[in-house]
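Here the structure is laid out as C-alpha cells; the discussion comes afterwards.
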Amino acid sequence: MKEKTSITLSSDVLAGVDRLAGGKLSRSAMIEGVLRQYLREHAKARIQARDLELLNQAADRLNAEAIDVLEFQAPESEN
C-alpha cells in the first residue's frame, strides 16, 4: 500500500531526480527506488558490522586454533 507524503527538495536535487528519471519514471518512483536501495544497503551494512564485531570478539581464539592446527602439519621437505 502506498501512502502520500510531501517533501521539500532543493532545485538542484530535484533537477537531478528529473534527469535520472529521464521521463521513464515519475519523480515518486525515482525517489522511492533510491530510498529502497539506501535502505537495503543500510541493512546490509548493519549485518556486516555485526558480523565483523563477532569475528573480532573471537579473533584471538580462532588465531590460537589456527596456530595449533598448523603445528600438527608435517614440515615442508627441503629440495
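Measuring from label point to label point, each 7 Å out along Cα→Cβ, what is the Ala59 to Arg46 span in nm?
So the label points at Ala59 and Arg46 sit 2.5 nm apart.
Between (1) 31, 23, 16; (2) 69, 33, 25; (3) 34, 25, 21, which entry matches Cα extents along the principal axes in Å as derived from the coordinates of this structure?
Matching entry in (1) 31, 23, 16; (2) 69, 33, 25; (3) 34, 25, 21: (2).
Using θ = phi - 60° and the Karplus relation 6.51 cos²θ - 1.76 cosθ + 1.60, list the HN-Hα couplings for the stretch 35-48 in order, rounded to whole Hz, with x at every Gly or Pro.
Taking θ as phi minus 60°, the curve returns 5, 4, 4, 4, 5, 4, 5, 5, 5, 5, 5, 5, 5, 5 Hz for the stretch 35-48.
Can you run phi through the Karplus equation (6.51, -1.76, 1.60; θ = phi - 60°) for the stretch 53-60 and list ³J(HN,Hα) in whole Hz, with x for Gly and Pro?
Computed from phi, the couplings for the stretch 53-60 are 4, 5, 5, 5, 5, 9, 4, 4 Hz.
Once both axes come from the Cα atoms, what is the angle between helix 11-21 and the longest principal axis of the chain, in degrees from 0 to 90, rounded to 10?
80
All of the numbers you see were taken from the coordinates with simple rules; none came from a lab. Bear in mind the structure is a predicted one, so any value in this text is a computation, not a measurement. Ideal geometry is used to build each Cβ from the backbone, glycine not excepted, and the neighbour counts take in all protein chains shown.
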